[in-house]
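One structure is given below, encoded as structure tokens.
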Amino acid sequence: MSNQISGNVIGTSGTALANAKVSLSSTVISLIPSRFTYTDASGNFNFQGLPAGNYQLLATSDGVVFRKSQGVTIVSNDIANVNFQASALNSANS
């Protein structure tokens with residue numbers, strides 16, 4: 001399995017968001033358990049070793065929940081790129 005999903009999280013000022021939490025879940029729950037990671041200093045994240053399938057991702061930072069990615073599909077030996085721009089919908093606390 002060399003499939004991966006990577007991308008970045010950008011804040012409202014257009015700068016990268018370090019330490020934003022990015023959650024990944026499979027649309028087929030039995031495929032893999034949900035996972036999460038944090039962005040690096042450049043706002044980048046990476047999920048490696050994923051089986052082929054459909055995934056959803058969600059980014060949060062400082063209580064702000066960014067738009068959820070819909071239907072990211074990866075196939076054999078695939079790399080998908082998902083970027084989050086600060087069009088925040090709501091607070092994670094509401």
Selection within the range 56-66 - touching a Leu at 6+ places or on another chain (Cβ under 6 Å) and not hydrophobic (A, V, I, L, M, F, W, C): S61
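Answer with yes or no whether T27 is under 17 Å from Q85 (Cβ atoms), among the polar types (S, T, N, Q) and either surrounded by 15 or more Cβ atoms within 10 Å (Cβ to Cβ) or touching a residue at least 40 places away in the same chain (Cβ under 8 Å) (or both).
no
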Entirely in the range 47-90, the strands (runs of 3 or more DSSP E) that have 3 or more residues that are surrounded by 18 or more Cβ atoms within 10 Å (Cβ to Cβ) and touching a residue at least 12 places away in the same chain (Cβ under 8 Å): 53-61, 79-85
Given (1) surrounded by 13 or more Cβ atoms within 10 Å (Cβ to Cβ); (2) more than 10 Å from the chain's Cα centre (by Cα); (3) assigned to a strand (DSSP E or B), index of the condition I32 fails: (3)
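None of the figures in this text is laboratory data; all of them are computed from the coordinates on show. All of these numbers come straight from a predicted model, not from anything done at the bench. So basically every Cβ, Gly included, is an ideal-geometry build from the backbone, and we count neighbours across all protein chains shown.
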